[in-house]
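Worksheet for the structure shown next.
Since every read-out is calculated from the coordinates, none of them should be taken as a lab result. Keep in mind that what you see is a predicted model, and the values were worked out from it rather than measured. Please note: Cβ atoms are built from the backbone with ideal geometry, for glycine as well, and neighbour counts cover all protein chains shown.
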């Protein structure tokens with residue numbers, strides 16, 4: 001029984017989603033159902049949607065990362081990735097919605113915009129990293145293809161398997177490097193906190209010493225005042241007796 005147009009559209013959409021998911025899973029190195037955000041550009045490129053973008057690749061990805069309601073370092077699930085994929089398709093057709101640029105009208109507005117600007121800056125940096133990884137990925141594919149052509153061995157499936165392996169190894173190295181950077185940053189923060197605490201304790205101790213010295217001075221002043229008062233009383237008594 002032939003499918004009607006609506007059913008055919010549903011079937012086509014399901015087929016496309018399955019194909020996209022198959023490619024997505026080649027980047028899911030840990031089989032966790034998610035990928036690193038740094039690999040978004042590679043994945044979009046493999047799916048062929050980067051070529052038709054009307055927006056600059058880095059600006060496109062930075063914009064989509066910035067508007068995503070999540071931490072920029074968090075993994076991207078397949079459902080979340082479909083938002084990026086659909087946005088790229090919409091951009092290619094000139095139908096993607098872009099956030100309107102805002103011009104702060106005063107100090108209060110600038111203060112409100114500051115966190116947004118910082119997030120967009122971080123998103124752009126993440127997009128630049130993703131583009132650098134995409135370029136590395138392309139170079140890796142070219143080297144593998146050239147090696148196979150030189151030895152006249154292997155087929156496309158074998159080449160794809162080699163690419164996936166090298167990509168997985170590269171992702172593992174990036175993750176290890178990231179962990180090392182995070183450990184170094186944590187140590188630096190701990191050291192800075194220790195220095196701040198030492199400064200605080202030293203300042204507190206100095207303040208207490210100063211207060212103690214002032215207290216001693218006050219006691220001495222009171223004692224001198226008492227002695228002066230006693231001396232005046234004795235003198236007054238002596239004058240009274242002499243008279």
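Brief remarks on what is shown
- Difference of contour (0.36 nm per residue) and Cα-Cα distance, residue 8 to residue 148: 46.3 nm
- Cα principal axis extents for segment 1-77, largest first, Å: 49, 33, 23
- Highest to lowest packing among 181-192, 75-86, 136-147, scored as the average C-beta count within 10 Å: 75-86, 136-147, 181-192
- Cα-only radius of gyration and Dmax that characterise segment 26-70, units Å: 11.6, 33
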